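Notes follow the structure.
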Amino acid sequence: MAQKNTQSTNMRLRLPLLCIILEVILIILFGTLVEYNDDTHAMLWNENRTDSATRNDHENEFYYRYPSFQDVHVMIFVGFGFLMTFLQRYGFSSVGFNFLIAAFSLQWATLMQGFFHGLHHGKIHVGVTSMINADFCTGSVLISFGAVLGKTSPVQLLVMAIFEVTLFAVNEFILLSILGINDAGGSMTIHTFGAYFGLMVTRVLYRPNLDKSKHRNSSVYHSDLFAMIGTIYLWMFWPSFNSAITNYGDPQHRTAMNTYYSLAACTLATFAFSALVNPEGKLDMVHIQNAALAGGVAVGTAGEMMLTAFGAMIVGFLAGTISVLGYKYLTPVLESKLKIQDTCGIHNLHGMPGVLGAVVGAVTAALASPDVYGHGLQRVFADVETGKWNPQSRGGFQAISLAVTLGMALFGGLITGFILKLPIYGAPPDTHCFEDGLYWEVPGEEEGHQELYEVATSNEVEKLSS
Amino acid sequence: MAQKNTQSTNMRLRLPLLCIILEVILIILFGTLVEYNDDTHAMLWNENRTDSATRNDHENEFYYRYPSFQDVHVMIFVGFGFLMTFLQRYGFSSVGFNFLIAAFSLQWATLMQGFFHGLHHGKIHVGVTSMINADFCTGSVLISFGAVLGKTSPVQLLVMAIFEVTLFAVNEFILLSILGINDAGGSMTIHTFGAYFGLMVTRVLYRPNLDKSKHRNSSVYHSDLFAMIGTIYLWMFWPSFNSAITNYGDPQHRTAMNTYYSLAACTLATFAFSALVNPEGKLDMVHIQNAALAGGVAVGTAGEMMLTAFGAMIVGFLAGTISVLGYKYLTPVLESKLKIQDTCGIHNLHGMPGVLGAVVGAVTAALASPDVYGHGLQRVFADVETGKWNPQSRGGFQAISLAVTLGMALFGGLITGFILKLPIYGAPPDTHCFEDGLYWEVPGEEEGHQELYEVATSNEVEKLSS
Amino acid sequence: MAQKNTQSTNMRLRLPLLCIILEVILIILFGTLVEYNDDTHAMLWNENRTDSATRNDHENEFYYRYPSFQDVHVMIFVGFGFLMTFLQRYGFSSVGFNFLIAAFSLQWATLMQGFFHGLHHGKIHVGVTSMINADFCTGSVLISFGAVLGKTSPVQLLVMAIFEVTLFAVNEFILLSILGINDAGGSMTIHTFGAYFGLMVTRVLYRPNLDKSKHRNSSVYHSDLFAMIGTIYLWMFWPSFNSAITNYGDPQHRTAMNTYYSLAACTLATFAFSALVNPEGKLDMVHIQNAALAGGVAVGTAGEMMLTAFGAMIVGFLAGTISVLGYKYLTPVLESKLKIQDTCGIHNLHGMPGVLGAVVGAVTAALASPDVYGHGLQRVFADVETGKWNPQSRGGFQAISLAVTLGMALFGGLITGFILKLPIYGAPPDTHCFEDGLYWEVPGEEEGHQELYEVATSNEVEKLSS
């Protein structure tokens, strides 16, 4: 790692080259592979409509999914972006790199997911559902970003995104298309995958001398408030996230509601345990910013099932508890014993709650029956019609999926970590982690500010306005 | 009050105990009382559908109400939360306690409102409409929070929420179910109730020595910008708030539009009077942050009626005017003469505009007639069909409802205030009101920041990136 | 210009008088001219419904357009408002004046657009579509505001809005009603018009001694983060902006998706060229905050057409590139050679990308054919049915529209600029541009803050919580 301290962090050629090459490749692939789907194509949509125009337009998937899409979009760009601004000197990078890798990932994900999930005569069909799925995949990359936050160059992050999006699509294909399991809100595909992938990457990129940047690896008063913008948006829109691609009607409605109650219960658990683990009974912003969201992660799989508000609240309460305890007791151990430096504590917000969500999903699926779901059963569990239906085996497949996801994530993270370790990406030296100044033009701060304030409140101003 | 200064503010046991006990009670009650309604239940929704699946799913109430729900949700968590961050040293508590008591209140409100408004064979049925109503009730608690902001512990706030939610549900039951009046946007049920409840609580909790914390009871430059995030979100989404639970179709559409115009007119009045009441003609952020919203409050009752954009604009203009004048001239008098210490000035934003809204609603209802509404009359005034319809008596019932609401709020606030006065909740001493440090781990501020900045701009960084 | 330095900036009478007079005029005109449309009127909506109530309510335009409206609303008030908070001492004015002139403009635009676009028996009919159009027109005014930001009094801004809204409505009428062209997302009507109008105004208001305020015409660390809130919201919701008033069904769906891909590609171009044009390869927040949005502007016309994701990405990539290069190389030349002081660089974000969007729209329209659009052709190009359809002439009309828009904007800006130059509006002196203190009560800043912090972390607090 010693050579990193002498490695140039200048992005003048590396970043433009990578961005332009990637975008050109994306444009070429989109030009050859991507087509409008039935609901976005002028000819196809108007052919398919069975009746007069105004009558059927409301059946366009746009009206069922676009409000949810926009909520998911806000979570990806504002939620993840601002959640990570808690670091005192890394706000530009948090929001900015989040913006960059999300904008890249959603394009790359459209191709990878389209390739695995449904080529139509060799073409990828796009519409609002593919946009949501691309945003979901992007979310997974941003979770991993949380683990390496402050310790990576934008070039490293883009390279990570290339590999992670690809593996995400493979894992999603295995789970949803081969094993045929349920995971609408992505407890496994998004959260577990993104968390363990990121943890393995940060393990491989372990920096023994990171304490040289320790003074920057913390928040200040205002940065914690900016981070709360991220937290609150994630919390509010999580019901939309989990329900965004469930079936129309009762599943979408039920998923949103289950998530709402899970999050509410989770929030009370978070405040309770945050005060309890502090010697003076003081609340810790790190817990409130993160653990209060674990309830959304933990109903990502079971949310569309007949979990009931009661069940959702139990799951949310457990998730919040686990998450706070993880921040307090597990994160320090992970760093000291396993050499996993997890900047945002994604293991506590996405890792453990994701695994919990997978388990809850497996149990809830195993308990499903036509007595409870009636004719709605096939709208939640897709293979009922095909005769493959059996609650117990369904529960088993859900559990297998968790194992597959963990394996894919850890293996993928390992490989990707070693690729990111090459000394060619302009990674920050140990002395300058968590520092915007390396990659951004940073304006002068408060000195000028105070001086200006004095000018502003001088007599001259008073005179002018009199 | 003297003993308060020696009362421990340590939350280590009190807050966790209260949160955990409350959440356990909530979970048990949800387990025994709450069921999915027809639109969220897998069996019931798929039984009830009369036709092929895709055709009828759009009639699920989810698609009519969920976008409005999310806007209301943003108002509750971002709007109220950030509006109160204007205090220089109370940002964590403003957003954080807002988050905590809202997460509790929406669960408790689901039970209380369900209990009063519609038990189905002893069960409470939940769906997106109950979620909106729970958020509405939560809004009322957050209004009261504004009056006691900075002077209460989180335990006090939770206790206040327990009582206020309960009384809110009783008052709402009397107004909507017994008197059968209209109040879709809650000028009475939400704003008037929340304001006068909170004012009475803060009156009972009067602190004669609050000026010991005077230096903290004000804003700084950045905190005012954070507060504007809250203001603007409340302003933008108020049309969704007022229309969220009106009938489908024209009432929902009309309510949103009336609110939009009322707020626009209110904003011009706010800027006009804010400059006018200042000797140097300078605008005051307190007015802009608060009074510009009064137009939304004041059309909370009449918004769904045929108020016309013209009428809405007059109401909005009056509301903005009253509100600014209240901040300037009434708030100081309330404190000095009536011993009402109203931190956020909720009397000006929710109290007076709420009463104005109730009066406007009574007048507009009294003027309603089939000549204007046609067949749409019964969609606004529910009891037209039942033969009870009479515009004048309807107007009278609306006026009676205002009196009931004021009585319930003042009486409820009085009782609750005395309960909150018990010296067991860890309330802050007079010397440490408006201070996050009592209940939160507060990170170091600018000193470290500036030092870091110097590091960041040092030659070393320049060298690295060359 | 010398007399400006002695001109009083006191707003005590000017601002209230103007606001109150304008609002009274608006209220009178609304009272005499504005009516509910078929979808908001209780009688008309319930007459027009052909079937049982619940079946047809979903066809109310509210459900097709209101989620888009709210996204547009967020862009206008949060997006534009916070984007301009990048200035270190002008945050109150950026958000506050944005709020004021938007609230005025949307009312005035309702009247002007209603007057030109569809009087029904002498009355203006309003509903959610007119609300979106009013917000669009407001957006144009806010673009111009960006050019004169920091150099104008609120009275000047309101006067500018009066004229700009009026001319916007005339130009829109010529383009959409007379020439019958397409411009759903407003590349021409909103962005090109707003940009060149604003540039001409700021040219006429040229201040040779503006460098006296140079030290305030820049950002600080936190103000750049506030500005990113604006950027990200504009970026996320631009798909809603461009699709808000397209036809229902496939056009709305397709427009949102084309915009999504254009913006993603634009973001990669922005990061690439921002690093490339900096000697040290450092990213510049000005570029990220602004140029990343150019992709939304540039598909404002062609977005609803069969542009394909491929085409959208090429356009977005070009727009981002042009915009960054404009900020780097053109803006300084515009100021030094043409005396155009463009505070926010609107020429780079709205001007050039708007013209690009107009050209792309003309080309895409010229290439349209029934082979590609099928029966959907008439849903995009309105005059197909009328027999006037001819792709080439359509493309020609689109190009003519760009010329008309440029002419109207430059001429209108010239006249308006001279009107704004009259020394009666309380414009700031050259020495106090970019300074909130002139028009706002500005609270004390960090000094008090730090002192408080010391109090907060003192032993006393520690003792209290033990």
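Each reported figure results from applying straightforward, stated rules to the coordinates on display, with no laboratory input. What you see is a predicted model, and the numbers here were worked out from it, not measured in a lab. Note that each Cβ is placed from the backbone with ideal geometry, even for glycine, and that neighbours are counted across all protein chains shown.
A few comments on the model shown:
- Theoretical FRET efficiency, 1/(1+(r/R0)^6), r = Cβ-Cβ of residue A:363 and residue A:120, R0 51 Å, to 0.05: 0.90
- Going from the residue with the fewest nearby Cβ atoms within 10 Å to the one with the most, C:41, B:375 rank B:375, C:41.
- A simple packing score, the average count of other Cβ atoms within 10 Å per residue, orders the peptides B:122-128, B:199-205, B:106-112 as B:106-112, B:199-205, B:122-128, with the highest score first.
- From the C-alpha gyration tensor of chain B, square roots of 5λ in Å: 37, 27, 25
- Note on residue A:375 and residue C:419: the model spin-label points, each 7 Å out from Cα along the C-beta direction, lie 6.3 nm apart.
- With eigenvalues of the C-alpha gyration tensor scaled by 5 and rooted, the protein assembly as shown, Å: 38, 38, 37
- Averaged over the residues of peptide B:240-247, the number of Cβ atoms from other protein chains lying within 10 Å of each residue's Cβ is 1.
- Cα point-scatterer Debye curve for the stretch C:144-287, base-10 log of I(q)/I(0) at q = 0.11, 0.15, 0.18, 0.19 Å⁻¹: -0.61, -1.09, -1.31, -1.34
- Overall, the ratio between the Cα radius of gyration of the stretch C:164-235 and 2.2 N^0.38 Å, rounded to two decimals, is 1.55.
- For the stretch B:245-298, the Rg and Dmax computed from alpha carbons only, in angstrom: 14.4, 49
- CD proxy at 222 nm, helix term only [per DSSP H run n ≥ 4: -39500 (n - 2.57); per residue of the protein assembly as shown; nearest 500]: -19500 deg cm²/dmol
- Placing a label point 7 Å from Cα along the Cα-to-Cβ axis, residue A:371 is separated from the same position in the other copies by 6.3, 6.3 nm, shortest listed first.
- Our coupling estimate for the stretch C:176-189, obtained by passing each phi through the Karplus curve with A = 6.51, B = -1.76, C = 1.60 and θ = phi - 60°, is 7, 9, 8, 7, x, 8, 9, 6, 4, x, x, 3, 8, 4 Hz, Gly and Pro reported as x.
- Only Cα pairs under 8 Å and 6+ residues apart enter the sum, and on that basis the relative contact order of the stretch B:13-450 stands at 22 percent.
- For the stretch B:285-324, radius of gyration divided by Kirkwood radius, i.e. Rg to Rh on alpha-carbons: 1.01
- Shown is the FRET efficiency for residue C:214 and residue C:329, computed with R0 = 22 Å from the Cβ-Cβ distance and rounded to the nearest 0.05: 0.65.
- Axis-nearest residue in chain B [Cβ, rotation onto A], distance in whole Å: B:67, 3
- Which listed pairs, of B:328/C:421; C:151/C:339; A:151/A:337; A:151/A:282; A:421/C:328, have C-alpha distances above 22 Å, in listed order: B:328/C:421; A:151/A:282; A:421/C:328
- Based on every Cα atom in the stretch C:360-411, Rg and the maximum pairwise Cα distance Dmax equal 12.5, 41 Å.
- Label distances, nm, residue C:170 versus same residue in remaining copies, Cβ-directed 7 Å point: 6.4, 6.4
- Interchain or long-range residues, amide H under 5 Å from residue A:34's placed H: A:124
- The angle separating the long axis of helix A:154-172 from the principal Cα axis of greatest extent in chain A is about 20 degrees.
- Peptide A:283-290 has a mean shielding of 4, counted as Cβ atoms of other protein chains within 10 Å of each residue's Cβ.
- Using a 7 Å projection from Cα along Cα-to-Cβ, the label point at residue B:410 is separated from the same position in the remaining copies by 6.8, 6.8 nm, smallest value first.
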